[in-house]
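Here is the structure we will look at.
The values are calculated or read from the model by the stated rules, or taken from the named source; none is laboratory data. Because the structure is predicted, anything quoted here is derived from the model rather than measured. Glycine also receives a Cβ, built like all others from the backbone with ideal geometry; neighbour counts cover every protein chain displayed.
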Amino acid sequence: MNMSLPNETFYPVGSLDQFMKQVGRVIDLNGVEIAVFQTSDGNVFAIKNESPHPKGGPLAEGMVSGHYLYDPLHDWKIDLETGNVQAPDHGQVQVYPVKIEDGQVWVATSEFLTV
Amino acid sequence: MTTYREKLVVIGNGMAGISAVEQILKLTTKFDITVFGSEQHPNYNRIMLSYVLEGSKTIDDIVLNDLHWYQDNGITLHIGTTVAKIDEQTKEVVTEDGVRVPYDKVLIATGSNSFILPVPGSDKEGVVGFRDIADCNQMLQAAQVYRKAAVIGGGLLGLEAAKGLVQLGMDVTVVHLMDDLMERQLDHQASSMLQAELERQGIKFKMGAQTAELLGDKRVSGLRFADDSVLDAEFVVMAVGIKPNIVVAKESGIDVNRGIVVNDYMQTSMEGVYSVGECTEHRGTCYGLVAPLFEQGMILAKHICGVDTAPYEGSVVSTKLKISGVDVFSTGEFIDGPGHMIIANKDEWKQTYKKILLRDKVMVGAVLFGDITDSAELQKLIKQRTEMTDELYESLMGSGCCGGGGKKTTSVESMSNEEIVCGCNGVTKGTIVDVITNQGLTTVDEIKACTGATRSCGGCKPVVEQILQYVLGDGFKTADKQGICGCTTMSRDEIVAEIKAKGLQTTKEVMNVLGWSQPEGCSKCRPAVNYYLGMIYPDSHEDEKESRFVNERMSANIQKDGTYTVIPRMYGGITTPEELKKIADVSLKYNIKVVKVTGGQRLVLVGVMKADLPKIWEELDMPSGYGYAKALRTVKTCVGSQFCRFGTQDSMGMGALIERKFERLDLPAKFKIAVNGCPRNCAESCTKDIGIVGNDGGWEIFIGGNGGIKARLADSLCKVKTDEELVDICSAIIQHYRETGNYLERTSEWVERIGLDTIKAVVLDNAESRKALVNRIEFALQQVEDPWKKMLNDDKSRNRMFHRLEISNQL
């Protein structure tokens, strides 16, 4: 439901080896803080670097298991594909489309266009 | 392409109507649904009003479906709107304001109203029922202004109202027509125990009293009874009963009796019109409790959607009083009558009472007071009309010794999937089984969060537990007792043994080989397994950064705003002017928010940006203080014999030596040591994992102290004469803890679990095992390395871990 971004533009954010497996890295894309994760299967996911927990906090430092992330401060389990927080907690993190081409990671955002 | 959607109009926005709608939505989206409610609120949990009154919940807490729910499901909601009648000719529902809404199907769920005694004065100001939020608000307001209240009616609702008003500080008398409270739910015995308990809680009673008139001018001032006696009251709650609200049905020409007459599929006499809940009369019975309406709603939903369903054959109702500290339960036939065989047990010391009624050996009713742990079990057995056997008798009535609360899991097996487990929220056994099997839930709390079961009164918790146990089988017990997390049923000891036996090397290997349910584990087990691997293979295990908590991965403590702290070592709490100068320079240069003296006798720089961490480490050029680690944190010392006039031992020297020796080694949890120069114990050995106290002839060693979340005074382990012995025994203790402690288990818990005597046997009495432990820790200590230095020498990891990538719009 949040994936129908108008004017979706992909930006090159770095080569794949800039991202350690299962250790997140923050990218600053036109002023938006995005946490990028390479999972153990070589996929890359990008989510907003802000916990949906009421107390907030960063997400890039969380522990990655499969395609899930454990929030570093509150231990919420978050699906990296959809951004959905897993039960018993509720919430959603904004996810950004990612593509990998020739070892280059691209992340799409349109936020700066609408801001 | 738009298909025609049938129009379903629901009259009544309460629990019965909305739960039926929820059931319908699970089956089909073919209806275009409109709901009318005369209250100004979305659907709320009426049975929880007692808690609102009591003050343990707010009105927001008890809302079941908020306005978003109606929106999300495309339901048109009219609150504060009363429906006048159904026009069968034009197939329209007509509101009191004359608005007409066409329908294909109608569901009447208008519930019931408080029954107001037809006595003179019952329309005076200050007389209310106890049915809805408006009543509840009036009671809350009255309690602020008035002192004396009377509650007419000693049934469930009346007693809950009375307790709520007492809680609010009012002087409350319950007036009851009969001689026994809750006589429709309890027998004489349980009833008198209940009355005694409630009197103890401050409620007064006037029993066998028939109210003849309410006194007062405009506002009520008192009650006059049939015997002409009088009771002062400035506020009166009528809780003598409810009457089905059948106005709409009657106006529309639908067959009504006491309630709206429905058949076994909840159909009324009018074509296309259904009815559920307290407004209905089914086979001559009107129900005034919540459980039947869910059963009715489910059958109605299936029928209206054209799904096969068994007919509704009535409900066996049970009652639970929602007053904290008073546990009462009854179900089925509970008053002794001819033809009943009675099993009863009254314990006046424990104030408990249990009675089971049989008819031809078949269990038909039960009453419990005081201890209602068997309520779910009894409800089940009675509903299924179970025959009493010697085994059942043993299990229900028991002898009170040898595991009386043993296993009673059999009954949930035979429960049908459609049976309602949680009457408050209408959750069936099937739903619970489904979330356990398909979503992998393993605790009652998870089931509560996911389905709502147990969320309200909590009475069904034992059944939910039983279902959990039944579905998970052995997995439940092991998971509950030992599995280190939800990913595995294996205990810590089993995992460690398997790692050793199979030579497993990485967390991934452990999880694959040992059949983890989540292949890469979770935030609980990954760090634990990584620790166990490092403990078993100190030289060859390659520490997995990705399996470390953020603090240990970054070698710094993350703060709530995403900044970090830096704590350099100050061995034994001793620093130098040169070090202080460096700390001051760095703090100024990097704009440190706070420089704080920690509880462990050193300094912490708070509010460091992630990218600055490596630079600060480099410029400080001090060892990492491990303030973030499951490892030795600090060794706290007093001044000791070097300067102190009382000092008998060199505590600063010994503290620094011990800190240097054991630093950097991974342990199951954080670890704190103190060394004191004399028994005055200024460095507080009694709250440390190892506490060392000097005396004139040597040292005394204490272990298992904790000053944190669960305080525990350390136990004295032994006294030693020489410094070498002291260090050796510390080595043995630490290594024994490393090898046997559960990940995250502090020594305070470890000592209690393993036992001080066992620890003594291994590290003191047996010289050989002590020597072996010392050798193993020496080997492990040879492998450690300062993490800050290591990171400063690893450009690639440092960049990827500490520096963000900045991309700006260069279109």
Would you call residue B:804 at pLDDT 90 or above and within 14 Å of chain A (Cβ to nearest Cβ)? yes
Tell me, which residue of the stretch B:782-801 that is within 43 Å of the chain's Cα centre (by Cα) and aliphatic (A, V, I, L, M) is farthest from the other protein chains (Cβ to nearest Cβ)? B:784
Scanning the stretch B:581-624 residue by residue, those touching a residue at least 40 places away in the same chain (Cβ under 8 Å), closer than 20 Å to residue B:659 by Cβ and assigned to a helix (DSSP H, G or I) turn out to be B:582, B:617, B:620
Within the stretch B:85-99, does at least one residue satisfy the condition of being surrounded by 23 or more Cβ atoms within 10 Å (Cβ to Cβ) and closer than 26 Å to residue B:298 by Cα? yes
Counting only residues that are among the small types (Gly, Ala, Ser) and more than 16 Å from residue A:34 (Cα to Cα), which one in the stretch A:64-110 is farthest from the other protein chains (Cβ to nearest Cβ)? A:103
Restricting to the stretch B:505-514, and then to whatever is more than 16 Å from residue B:492 (Cβ to Cβ) and away from chain A (no Cβ under 14 Å), can you tell me which residue is modelled with the highest pLDDT? B:505
Somewhere in the stretch B:528-538, is a residue among the hydrophobic types (A, V, I, L, M, F, W, C), within 32 Å of the chain's Cα centre (by Cα) and part of a loop (DSSP other than H, G, I, E, B)? no
Tell me which residues, restricted to the stretch B:184-219, are within 21 Å of residue B:164 (Cα to Cα) and free of Cβ contacts under 8 Å to residues at least 24 places away in the same chain. B:191, B:192, B:195, B:196, B:199, B:200
Filter result for residue B:748 (in contact with a Lys or Arg (Cβ under 7 Å, 6 or more places away or on another chain) and either among the hydroxyl-bearing types (Ser, Thr, Tyr) or outside the structural domain of residue B:719 (by TED's automatic domain parsing) (or both)): yes
Do we have any residue at all in the stretch A:26-34 that's assigned to a strand (DSSP E or B), more than 9 Å from every other protein chain (Cβ to nearest Cβ) and either at pLDDT below 90 or in contact with a helix residue (DSSP H, G or I) (Cβ under 6 Å, 6 or more places away or on another chain) (or both)? yes
If we only count strands (runs of 3 or more DSSP E) wholly inside the stretch B:306-377, which ones have 2 or more residues that are under 20 Å from residue B:419 (Cα atoms)? B:318-320, B:328-332, B:362-369
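Can you tell me which of B:664, B:660, B:645 is modelled with pLDDT under 95 and either in the same structural domain as residue B:711 (by TED's automatic domain parsing) or more than 30 Å from residue B:553 (Cβ to Cβ) (or both)?
Values: B:664 fails: modelled with pLDDT under 95; B:660 fails: modelled with pLDDT under 95.
Criteria check complete, one pass: B:645.
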Scan the stretch B:155-170 and tell me whether some residue there is within 22 Å of residue B:326 (Cα to Cα), in a loop (DSSP other than H, G, I, E, B) and not aliphatic (A, V, I, L, M). yes
Could you pull out the residue among B:770, B:738 that is in contact with a Lys or Arg (Cβ under 9 Å, 6 or more places away or on another chain) and either in a helix (DSSP H, G or I) or at pLDDT 95 or above (or both)? B:738
Residue within the stretch A:42-52 that is part of a loop (DSSP other than H, G, I, E, B), acidic (Asp, Glu), within 9 Å of chain B (Cβ to nearest Cβ) and closer than 29 Å to residue B:443 by Cβ present: no
Looking for whichever is touching a His at 6+ places or on another chain (Cβ under 8 Å) and among the hydrophobic types (A, V, I, L, M, F, W, C) here; the options are B:656, B:629, B:611. Which one fits? B:611
Looking only at the stretch B:470-483, how many residues end up being modelled with pLDDT of 70 or more and surrounded by 18 or more Cβ atoms within 10 Å (Cβ to Cβ)? 4
Name, by its number, the condition in (1) under 26 Å from residue B:627 (Cα atoms); (2) surrounded by fewer than 17 Cβ atoms within 10 Å (Cβ to Cβ); (3) out of contact with any strand residue (DSSP E or B) (no Cβ under 7 Å at 6 or more places or on another chain) that does not hold for residue B:750. (2)
